[in-house]
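Reading through the structure tokens given below for one structure.
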């Protein structure tokens, strides 16, 4: 690997580590639980979405897969699987629409897709996948269809707040990023 | 005792919170003071005993300082979980917004979460404090046979985490403390909400905007401080001699 490529690779690794750590801290510090499902409301998604907008889909996917998942391990381990999948896809999609730089509309489309994946992804896991897995592995028997319905609104709020903050962060940093 | 053995023991201690066993095996309720409602839906004795076992082992393996740090962190983390969560659930039940039966029984649920957090957070912090991250950096840099790309990446990850852990978080907290921005901003936010509720000249949207602005200020400062040195470190680490097989 040439030295320049190595520098770029190492910088990307550093960015992923930084945003994943921030997503972990952001997810862990402010947690408002939702008793119906055993999940919780947090603003860690801000860093996942911001990473994806600023550094691209791959970085966003890794940040989403690592940071919030590690946070789930502390206190909410039953959600590790759902978080890893949902947040990775969310992180990937948010930055995927940003083809031309400095395009606010593309960023907003990406964020809408990210929020949709966040809300829809957790709903699918909590309403269908977890109850089905829970029949053979009791560890996953924490939610059902009604509980998943109850979590739709908190998840939407979480996604909305995070998306607004991420968009503002992207607007602040996009002029300075090289 | 070697740090690897301590870390292994702590990881083993953490396992029951993931797999459930043997916590769920002891499902009785004889803890003094448990009400009928708590006995029906609240934390079992297994969970309470697990929490005390975890704390005792941390005291033996890591000492009073780490145990104190763990309990303090757990208390801080549980603030939003127990009090904010409990308050939200209480308000929702009062105004009839509960869609699931679990939300009516908020007390046992949040007590269970508190006990869970009091066990899991201290042991996680104890594991984190056991691993000598600085030694990793020194051992990688002192290698006389060159460094592979994988170890360079590991060095970058360790450096970034250490930077955020020891520099960024403490700096941001000290800035907020020194300038009293934390209190003032949140006090301001509180007064905006109070005014909005009383339908004075301030609207709720203005209060929400203030909340977003405060969060944005903190998030942008933290991101800028966290990624500040990454380009420099990337160049520096890539210039380390490559490993020759």
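Read the figures in this text as sums done on the coordinates, not as results from a lab. Note that this is a predicted model, so its numbers are computed, not measured. Counting neighbours? That spans all protein chains shown, and the Cβs are built from the backbone with ideal geometry, glycine included.
Inspect region A:87-110 for any residue being buried (at least 21 other Cβ atoms within 10 Å of the Cβ) and touching a strand residue (DSSP E or B) at 6+ places or on another chain (Cβ under 8 Å) and give the result as yes or no. No, that holds for no residue.
May I ask you to list the residues in region B:136-145 that are outside any loop (DSSP other than H, G, I, E, B) and touching a helix residue (DSSP H, G or I) at 6+ places or on another chain (Cβ under 9 Å)? Those that are outside any loop (DSSP other than H, G, I, E, B) and touching a helix residue (DSSP H, G or I) at 6+ places or on another chain (Cβ under 9 Å): B:136, B:137, B:140, B:141. Selection of region A:123-161 for residues being in a helix (DSSP H, G or I) and facing another protein chain (nearest Cβ under 10 Å) yields A:138, A:139, A:146, A:147, A:148, A:149, A:150, A:151, A:152, A:153, A:154, A:161.
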